[in-house]
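All of the numbers you see were taken from the coordinates with simple rules; none came from a lab. Please read these numbers as outputs of a predicted model, since none were measured by experiment. Cβ coordinates were reconstructed from backbone atoms using ideal geometry, including for glycine residues, and neighbour counts include every protein chain displayed.
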Amino acid sequence: MLNFYTENKNKVQGAVFWGNDWRKALCKCIQCLALYKSEKVEYLPDIEDSAKSYEERGKKRGATESTYEQGIRALASIGRVQQIDAITEYNRMKERLMEYLQTFAVSKKVVTEADINRFFEEMRNEKNAGVGQPYLCR
C-alpha cells in the first residue's frame, strides 16, 4: 500500500492516478524533503525532472544536427561519382594528415595551430599545382 502526503497534509493511500502536475502536489516541507533524500528519490518534487521535460530537451537537441549528420546529408545530396571523389579525397587527406602528425609523435613535439595550418596550406598548393594544366594523352 502506498502512502503519499500532499501539500495540505492530506494522506492518500493506495493506488492513485496523478495528473500532469502531480509533482506540484507533493509536500515540500523539511521533513518530506529529508524523506525523499533518505529514500534516494529527491528528484520527485522537481518539476523540471518529468518525462515531458526530457522529451522536450531531446527534441531541441534533435533539431540541431551534428557535424557528422550534416556531412552525411551533404554527401547524399550529390551524385555518385562526386560522392566517390569526395570520399577518396577525404581518405587521402586523412592518410596524409596521419603521416604528418606521426612525425610529431616520433619527435615528441607538440602540434601547434600553425603546424596544422601549414599542412592544409601544403595540401592546397599541391591541389592548385595541378589546376590549369590540360591533360594531353600524347
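Rounded, prolate or oblate: pick one for region 75-119, where a ≥ b ≥ c are the square roots of the eigenvalues of its C-alpha gyration tensor, a/c under 1.5 means rounded, and failing that, prolate if a/b is larger than b/c, else oblate. Please report the intermediate quantities before stating the final value.
Values: a/c = 4.87, a/b = 2.84, b/c = 1.71.
Verdict is prolate for region 75-119.
Post the alpha-carbon centroid distance, region 28-82 to region 89-133, in whole angstrom.
Rounded to whole Å, the Cα centres lie 38 Å apart.
Could you please report the charge total around D85, scoring K, R as +1 and D, E as -1 over all other residues with beta-carbon less than 14 angstrom from its beta-carbon?
Working: positive: R80, R92, K127; negative: E89.
Net local charge, D85 excluded: +2.
Give me the Debye-computed log₁₀ of I(q)/I(0) at q = 0.17, 0.25 Å⁻¹ for region 15-86, equal point scatterers on Cα only, no solvent, two decimals.
Results for region 15-86 at q = 0.17, 0.25 Å⁻¹ read -0.77, -1.10.
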